[in-house]
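Reviewing the structure listed below.
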Amino acid sequence: MRLGISTSLNCPDPKVWASTMVNVGCKSVVFPVDCNCSDDIIDGYVKAAKENDLTIAEVGIWRNALTSEENFDYSVRQLKLADRIGAKCCVNVAGSLGPRWDGGYKENYSKEAWDRTVKMIQDVIDQADPKNTYFTIESMPWMIPSSPEEYLKLMEAVNRDRFSVHLDIINMINSAERYFMHEDFLKHTFDLLGPQIKSCHMKDIKLLDDYTFQLRECGCGEGVFSLELYRDLVDAINPDMPMIIEHLGSDEAYFESMKYVKNRLGI
């Protein structure tokens, strides 16, 4: 695996950004600027990543393209950016049909949501016409796709060669069975999706003591998740798979998590 962290470091100098990533042990990165930046800025970060052997794991969108034409256009431009710089994937969530762009709602599981999601993905890919990257939808606990089976069904419905898998396995652990038997669920997910996975997120999960059933995402090592099995399954399909640690509160927390994961996994 090629481990990385999900922070831009708020660093305007590409050389300092890249050298800092290398110094903390990164082998992959999330691209730190978007399609609204100038070509010179974009090219500077691409050059710095290449010179420091940093794989560009993903270009993020993180906007609801189902309900906003502006967000849809941004998705197309971000996919074009990912294609231009050779990122492993461009990633978004499917989007919700409720007030919060990434929130959980009954409507997210409607036929309307399914049909609109399929068409949105098809249209983004068709308009961007990528050749060097893939458009991906991050799995989520309360929207399409929330299971490996649903991801396969989505890929079949979209029917585009440049649509593939971004795996956030923790986001799919949304039941007691998947939590307590998460190693079996991990193996099952890789059996179904393994060859299509382009990039992964890495974090942890724990069950809260409060009633009723409540799960909380947490930093690596603070929950029950088998990082070792995750590593082994990833390495079996692609030893150079980007694995991005995410959702921590500060750069220092990312640096500490990187150190912890590297020590725990012996990498």
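Tabulated values for the structure
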{"quantity": "Hits in segment 1-23 - residues which are open to solvent by less than 30 Å² (accessible area, probe 1.4 Å), among the aliphatic types (A, V, I, L, M), farther than 15 Å from VAL46 by Cβ and out of contact with any Phe, Trp or Tyr (no Cβ under 7 Å at 6 or more places or on another chain)", "calculated": "LEU3"}
{"quantity": "Residue in segment 32-53 that is most open to solvent (accessible area, probe 1.4 Å), counting only those that are of a type in the set (A, V, I, L, M, F, W, C) and in contact with a Ser or Thr (Cβ under 9 Å, 6 or more places away or on another chain)", "calculated": "VAL33"}
{"quantity": "Where LEU152 falls short, out of the listed (1) in a helix (DSSP H, G or I); (2) of a type outside the set (D, E, K, R); (3) open to solvent by less than 10 Å² (accessible area, probe 1.4 Å)", "calculated": "(3)"}
{"quantity": "Top-ranked residue of segment 155-200 - restricted to ones that are out of contact with any helix residue (DSSP H, G or I) (no Cβ under 6 Å at 6 or more places or on another chain), closer than 25 Å to CYS220 by Cα and of a type in the set (Asp, Glu), ranked as most open to solvent (accessible area, probe 1.4 Å)", "calculated": "GLU177"}
{"quantity": "Residue in segment 201-209 that is open to solvent by less than 10 Å² (accessible area, probe 1.4 Å), in contact with a Ser or Thr (Cβ under 8 Å, 6 or more places away or on another chain) and not in a helix (DSSP H, G or I) present", "calculated": "yes"}
{"quantity": "Residues of segment 102-140 classified as surrounded by fewer than 16 Cβ atoms within 10 Å (Cβ to Cβ), out of contact with any Ser or Thr (no Cβ under 9 Å at 6 or more places or on another chain) and not in a helix (DSSP H, G or I), total", "calculated": "4"}
{"quantity": "Tabulated pairs, segment 184-208, first touching a residue at least 12 places away in the same chain (Cβ under 8 Å), second open to solvent by 10 Å² or more (accessible area, probe 1.4 Å) and among the acidic types (Asp, Glu), C-beta under 6 angstrom, 6+ apart or interchain", "calculated": "HIS201/GLU246; LYS203/GLU217; ASP204/GLU222; ILE205/GLU217"}
{"quantity": "Filter result for the condition that a residue is of a type in the set (Gly, Ala, Ser), touching a strand residue (DSSP E or B) at 6+ places or on another chain (Cβ under 7 Å) and in a helix (DSSP H, G or I), over ALA82, ALA157, ALA94", "calculated": "ALA82"}
{"quantity": "First in segment 218-237 and in contact (Cβ under 8 Å) with a residue 40 or more places away in the chain, second anywhere and open to solvent by 40 Å² or more (accessible area, probe 1.4 Å) and acidic (Asp, Glu), Cβ under 7 Å, 6 or more apart", "calculated": "SER226/GLU183; LEU229/GLU183"}
{"quantity": "The listed residue being in contact with a helix residue (DSSP H, G or I) (Cβ under 6 Å, 6 or more places away or on another chain), small (Gly, Ala, Ser), more than 17 Å from ASP168 (Cβ to Cβ) and not in a helix (DSSP H, G or I), out of GLY249, GLY221", "calculated": "GLY221"}
{"quantity": "In segment 54-69, residue least open to solvent (accessible area, probe 1.4 Å) [restricted to those that are farther than 19 Å from LEU3 by Cβ and β-branched (Val, Ile, Thr)]", "calculated": "ILE61"}
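The values are calculated or read from the model by the stated rules, or taken from the named source; none is laboratory data. Please read these numbers as outputs of a predicted model, since none were measured by experiment. Cβ coordinates were reconstructed from backbone atoms using ideal geometry, including for glycine residues, and neighbour counts include every protein chain displayed. For accessibility, only protein heavy atoms count, side chains too; no ligands or nucleic acids. Shrake-Rupley method; radii C 1.70, N 1.55, O 1.52, S 1.80 Å.
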